[in-house]
Amino acid sequence: MINLGKLHDYKHVFGFFAQQLTYPEKLDFHPSVMEESLGSADPAYESIRTYWTTMHEYSMEQIEELYVQTFDFQAKSTLYMTYYKFEDGRERGQMLARLKETYEMFGLGIEGSELSDYLPLMCEFLYAANWQGREKEAAESLGLMMAVMEDGTYHLLKALEKYKSPYRYLIQGLRETFKACVHREAAAHEHD
């Protein structure tokens, strides 16, 4: 079950993930970006530090090429999170509609033709959405969104590891942040 308090605590980190998972721009790699986005207490800190150090070994042109080769030309490393499970089946359309409803429920529309399962968009939503005071709706809707992201990033991480892509550290950090936002069932039942 999702811990909305922890999710709120890590909103800033989801903003960093959204920025890093969109097409790269020079300002995205300014040294202050990581310093302002993450602290050493964040669960993703070590993974992100490895990602950050590795990416700074590349030129901007190489980073752009790496991004396109990784996310635009490899079906196994797509940023569309429901594709891994449903590909282009009818079930995917239903899940996309449910995710879009979540955005709309919290007053955020999807501009343009972007699909609701696009990982940078989902991270941006978690960064920008205000669910405080609407915890009941948020628990179910954000729980679904986090489940889709967790499932999709599992497959994405496996592909990135196979390709030895530096983006694997970014996705690993994202997954570590997910884990920090989930109530531990075992701990909740320790005293039963």
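The values are calculated or read from the model by the stated rules, or taken from the named source; none is laboratory data. Everything quoted here is computed from the prediction, not taken from an experiment. Backbone-built Cβ (ideal geometry, glycine too); neighbour counts: all protein chains shown. These accessible areas exclude ligands, DNA and RNA; they are computed on the full protein's heavy atoms, side chains included. Shrake-Rupley method; radii C 1.70, N 1.55, O 1.52, S 1.80 Å.
I want to verify a result. In a Gaussian network model of the chain, Cα cutoff 10 Å, which of these has the top mean-square fluctuation: Pro31, Pro43, Pro120?
Largest GNM mean-square fluctuation: Pro31.
To the nearest 20 debye, what is the magnitude of the charge dipole of segment 3-94 about its Cα centre, counting +1 on the Cβ of each Lys and Arg and -1 on the Cβ of each Asp and Glu?
Using Cβ point charges on Lys, Arg, Asp and Glu, segment 3-94 gives about 440 debye.
When the chain is treated as a GNM, springs tying every alpha-carbon pair under 10 Å, which of Ile171, Ile63, Ile110 comes out with the largest mean-square fluctuation?
The residue that fluctuates most here is Ile110.
What Kirkwood Rh does the chain have if only Cα atoms enter the pairwise 1/r average? Answer in Å. Display every interim value, and only then the final one.
Values: mean 1/r = 0.0580 Å⁻¹.
17.2 Å is the Kirkwood radius here.
Would you compute the Debye intensity of segment 97-167 from its alpha-carbon atoms alone, equal scatterers and no solvent, and pass along log10 I(q)/I(0) at q = 0.18, 0.23 Å⁻¹ to two decimals?
For segment 97-167, the Cα-only Debye profile gives -0.72, -1.01.
For segment 70-87, take each phi angle, set θ = phi - 60°, evaluate the Karplus expression 6.51 cos²θ - 1.76 cosθ + 1.60, and give the result in whole Hz per residue in order, putting x for glycine and proline.
Couplings: 6, 9, 9, 10, 10, 4, 6, 10, 6, 8, 9, 5, 8, 4, 4, 8, 10, 6 Hz.
Can you run phi through the Karplus equation (6.51, -1.76, 1.60; θ = phi - 60°) for segment 103-119 and list ³J(HN,Hα) in whole Hz, with x for Gly and Pro?
4, 5, 4, 9, x, 10, x, 9, 8, x, 9, 5, 7, 6, 9, 6, 3
In this model, which of Lys6/Lys85; Lys26/Lys158; Lys11/Lys179; Lys26/Lys76 are farther than 20 Å apart at the alpha-carbon? Spell out each step's value before the answer.
Details: Lys6/Lys85 27 Å; Lys26/Lys158 27 Å; Lys11/Lys179 14 Å; Lys26/Lys76 26 Å.
Correct reply: Lys6/Lys85; Lys26/Lys158; Lys26/Lys76.
What are the chymotrypsin sites (Phe, Trp or Tyr not before Pro) within segment 45-134 that DSSP puts in a loop, where the Cβ has at most 14 other Cβ atoms within 10 Å?
Values: sites: Tyr45, Tyr51, Trp52, Tyr58, Tyr67, Phe71, Phe73, Tyr80, Tyr83, Tyr84, Phe86, Tyr103, Phe106, Tyr118, Phe125, Tyr127, Trp131; in loops: Tyr58, Phe73, Phe106, Trp131.
Here the sparse-neighbourhood loop sites are Phe73.
Could you work out which residue, out of Gly107, Gly173, Gly133, moves most in a Gaussian network model of the chain, that is, has the largest mean-square fluctuation with Cα springs under 10 Å?
Gly133
Probe of 1.4 angstrom, ligands and nucleic acids ignored: what's the accessible area per residue over the chain, in square angstrom? It would help to have the intermediate numbers written out before the result.
Working: 10390 Å² over 192 residues.
About 54 Å² of surface per residue is accessible.
Hey, can you grab everything whose amide H is under 5 Å from the amide H of Ile2? Only 5+ residues off in sequence or another chain; H modelled, so Pro and N-termini drop out.
His183
D for segment 46-141, whole µm²/s, Stokes-Einstein with Kirkwood Rh over alpha-carbon pairs at 25 °C and 0.890 mPa s: what number? List each step's numbers first, then the result.
Details: Rh = 15.6 Å.
So the translational diffusion coefficient is about 157 µm²/s.
Could you work out the local net charge near Gly152, counting Lys and Arg as +1, Asp and Glu as -1, over the other residues with Cβ closer than 13 Å to its Cβ? List each step's numbers first, then the result.
Values: positive: Lys76, Lys85, Arg92, Lys158, Arg175; negative: Glu87, Asp117, Glu150, Asp151.
Within the 13 Å Cβ shell, the charges total +1.
Taking GluC sites (Glu not before Pro) that fall in a DSSP loop and have at most 14 other Cβ atoms within 10 Å as cut points, what is the longest piece of the chain between them?
Numbers: sites that count: Glu25, Glu57, Glu87, Glu111, Glu114, Glu190.
Longest stretch, sites excluded: 115-189.
Provide the per-residue ³J(HN,Hα) series for segment 121-130, in order, calculated from phi with Karplus coefficients 6.51, -1.76, 1.60 and θ = phi - 60°, each as a whole number of Hz, with x at glycine and proline positions.
5, 5, 5, 4, 4, 4, 6, 9, 5, 10
Which of the three applies to segment 71-113, rounded, prolate or oblate, going by the alpha-carbon gyration tensor with a ≥ b ≥ c and a/c under 1.5 meaning rounded? Mind showing how you got there, number by number?
Details: a/c = 2.85, a/b = 1.59, b/c = 1.80.
Note, shape of segment 71-113 comes out oblate.
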